[in-house]
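Reading through the structure tokens given below for one structure.
Each value in this text was obtained by applying a stated rule to the coordinates, not by laboratory testing. Computed from a prediction, not measured in an experiment: that's the story for all the values here. When we count neighbours, we look across all protein chains shown, and the Cβ atoms used for this are built from the backbone with ideal geometry, even at glycine.
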Amino acid sequence: MNRAPAPEEGAGEALGLDGILDRAELHPSRRIFVNRSLRMDHIRQIGFDMDYTLLPYRKRSMEELSYRLTAEKLVEKHGYPPEVLSLPYDPSFVVRGLVVDKRRGNIIKMNSHGHVGRAFHGRRAMGKDERRALYRDQKLRVSASPKYHWIDTLFALPEGVLYANIIDHLELVQKRSPQDYQRLFDDIRGAIDEAHRDGTLKTTVKADPGAFVEADQDLPHTLHKLRSSGKRLFVLTNSLWDYTTAMMSFLLDGKLPEYPSWTNYFDLILVGADKPRFFTEHREFFEVDRRSGHVSTTPAQRFERQHVYQGGSLERFEALINLAGEQILYVGDHIFGDIIRSKKDTLWRTALIITELEDELRLQPELGPQQLELARLETESEAFEEEITALRLKIAALEAALDDDPERPRAEVEELSFARRGLRLAFDARRKNLRGMIDRREELAHRIDQAYNPYWGSVFKEGQEMSRFGRQVEHYACIYTSRVSNFLYYSPQQYFRSPRHWMPHEKL
């Protein structure tokens, strides 16, 4: 993961009395974007997920490690051919928001209406006719069906790549299809889960955290700024205490003199939360001994500052802190486990961390003019289509007039025929122009897609529509940004105002 761009040189002169940068001087990748208005002065508690939220992994290193460990377990424990170990990892092939069709061995991307806009079988791009034959006439109920798996976390990207690679290897190299595409995916899921569960992956990361984590030098200052404004901070992570303290120590220990230990930044540390079950089930908290890691067998009856607790539930958490609802902001990177569930089951406010934003926003200066031209072509194409339709109707009316009265005087027939020829010439000219516009529009759209990702385009768009992922960001994240430290450039009392939403009929 590359470090986010710093504010522009000389930007310090734009700082106000509270140390907030003038928004015009702030690099786009450091901005916070608003879906639903949020008043930070109403927020009393801020909770943070750890992995890919507080802890900025080196994405490529983590993905390759996960991919390799999963492949090894497939070969060693599930009997897959040794050639699986040599299948290369392509970090571009899978992005967040894709769906695995486990019945057919396909990976698909849907727009916000559930329409499948792109699909791959293994690594082979499916043509429009093939894709439509499979997905055009059915409503995909991804969340409710075991036939589909949504790639909704950064941790899930390697499993999608390995799935496609193995299908390609079996079908193209060994000339045989997997007997069961669903079993193949379930084996991969089981192997990657085992790598997390048995400590294989985390032991490797803990042994050399610098190889897998790129420390964000702005994070300690961000947490300090939020604490200094009177807000209480807590960690809420699915990781257990041993891994949490090892990684957070690497990230934060000794970075600021006021905070010798990473635990000094937080009022509460909640580990082993088992999200999304944390938001939906009633479970007790149990205190963890910070030195031994021993977990008490007696449910906690109150929280003590800087103590560590395991398990628990949202209901129990709110009861123990005597605070609920819109006074709590939860910051996470997992659209389902951190954001959708907390939004569906609570009144907590939500902030989604989307690391992909940095890459997409860096492309904006280059792609902005092309996107404006694309929008212009779409508007002009629509106008030409309306003109062509009107000309077609006029031509049809003239032809009907000529056919309806065989006794029509010759002079009138010639006049009507002349008018029809003129309309046909205009019709053909506009249709030719329209074809040129459509070709240019498709060329631009393809170029823009390729700039974002050679296989899938932007994670937030599918064609002219939002992607399914983009729509869920809009629906469930009150605010979203690329990293936690972007809060450093906003006041802890910031009023994040959502932009006015215009329906199509209001734009007339």
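Observations
- Under 20 Å from K147, Cα to Cα: lysines that are on another chain or at least 8 residues apart: K102, K109, K139
- For the pair R392 and R408, the difference between a 0.36 nm per residue extended length and the Cα-Cα distance amounts to 3.5 nm.
- For the range 49-90, backbone nitrogen atoms closer than 13 Å to the point 7 Å from D198 Cα along Cα-to-C-beta are found at 69-79.
- DSSP-assigned coil residues among chymotrypsin sites (Phe, Trp or Tyr not before Pro) in the range 390-489, each with at most 10 further Cβ atoms within 10 Å: none
- Lys/Arg +1, Asp/Glu -1 at C-beta; the range 59-209 dipole; positive extreme among G190, T153, F120: F120
- Cα-based helix-to-principal-axis angle, 364-404 vs the chain, degrees rounded to 10: 30 degrees
- Neighbour cut-off at most 11 other Cβ (10 Å), DSSP loop, trypsin sites (Lys or Arg not before Pro), the range 115-192: R136, K139, R141, K175, R176
- Rounded to the nearest 10 degrees, the angle from helix 59-78 to the longest Cα principal axis of the chain is 80 degrees.
- Phi to ³J(HN,Hα) by Karplus 6.51 cos²θ - 1.76 cosθ + 1.60 over the range 306-311, Hz, x for Gly, Pro: 6, 8, 10, 10, 10, x
- Here the calculated FRET efficiency for L256 and R36, from their Cβ-Cβ distance with R0 = 41 Å, stands at 0.80, rounded to the nearest 0.05.
- The GluC sites (Glu not before Pro) found in the range 392-488 that occupy coil by DSSP, while having at most 15 further C-beta atoms within 10 Å, are E407.
- A simple packing score, the average count of other Cβ atoms within 10 Å per residue, orders the peptides 262-271, 239-248 as 262-271, 239-248, with the highest score first.
- Here K59 is the anchor, and the aspartates and glutamates within straight C-alpha reach of less than 12 Å, apart from those fewer than 8 places off in the same chain, are D51, E214, E356.
- When each of K128/K432; K394/K507; K202/K231; K73/K175; K73/K275 is checked by Cα-Cα distance, pairs over 27 Å: K394/K507; K202/K231
- Highest mean packing first, where packing is the average number of other Cβ atoms within 10 Å per residue, the peptides 350-357, 148-155 line up as 350-357, 148-155.
- Using a Förster distance of 22 Å, the FRET efficiency for T379-R431 (Cβ separation, nearest 0.05): 0.80
- The label point for L240 and the one for V75, both projected 7 Å from the Cα toward the Cβ, are 2.8 nm apart.
- Rg over Rh [alpha-carbon atoms, Kirkwood Rh] for the range 59-209: 0.97
- Rg to Rh quotient for the range 224-266, alpha carbon positions, Kirkwood Rh: 0.98
- Based on the reciprocal of the average 1/r between different C-alpha atoms, the Kirkwood radius for the chain equals 26.1 Å.
- √(5λ) per eigenvalue of the Cα gyration tensor, the range 24-103, largest first, Å: 39, 16, 14
- Look at the alpha carbon pairs under 8 Å that are at least 6 residues apart: their mean separation over the length of the chain gives a relative contact order of 24 percent.
- Modelled FRET efficiency - R0 51 Å, A215 with A401, Cβ distances, 0.05 increments: 0.05
- When the helices of the chain are scored as -39500 (n - 2.57) per DSSP H run of n ≥ 4 and the total is divided over every residue, the value at 222 nm lands at -13000 deg cm²/dmol.
- Each of the peptides 103-111, 365-373 was scored by the mean count of other Cβ atoms within 10 Å over its residues; in descending order, highest first, they stand as 103-111, 365-373.
- In degrees, nearest ten, helix 157-168 long axis to first principal axis of the chain (Cα): 60 degrees
- Over all distinct Cα-Cα pairs of the range 431-508, the Kirkwood formula returns a hydrodynamic radius of 16.1 Å.
- Here the Karplus relation 6.51 cos²θ - 1.76 cosθ + 1.60, evaluated at θ = phi - 60°, turns the backbone of the range 451-457 into coupling constants of 5, 6, 7, x, 9, 10, x Hz, with x for every Gly and Pro.
- The range 361-466, Rg to Rh (Cα coordinates; Rh as Kirkwood inverse mean 1/r): 1.26
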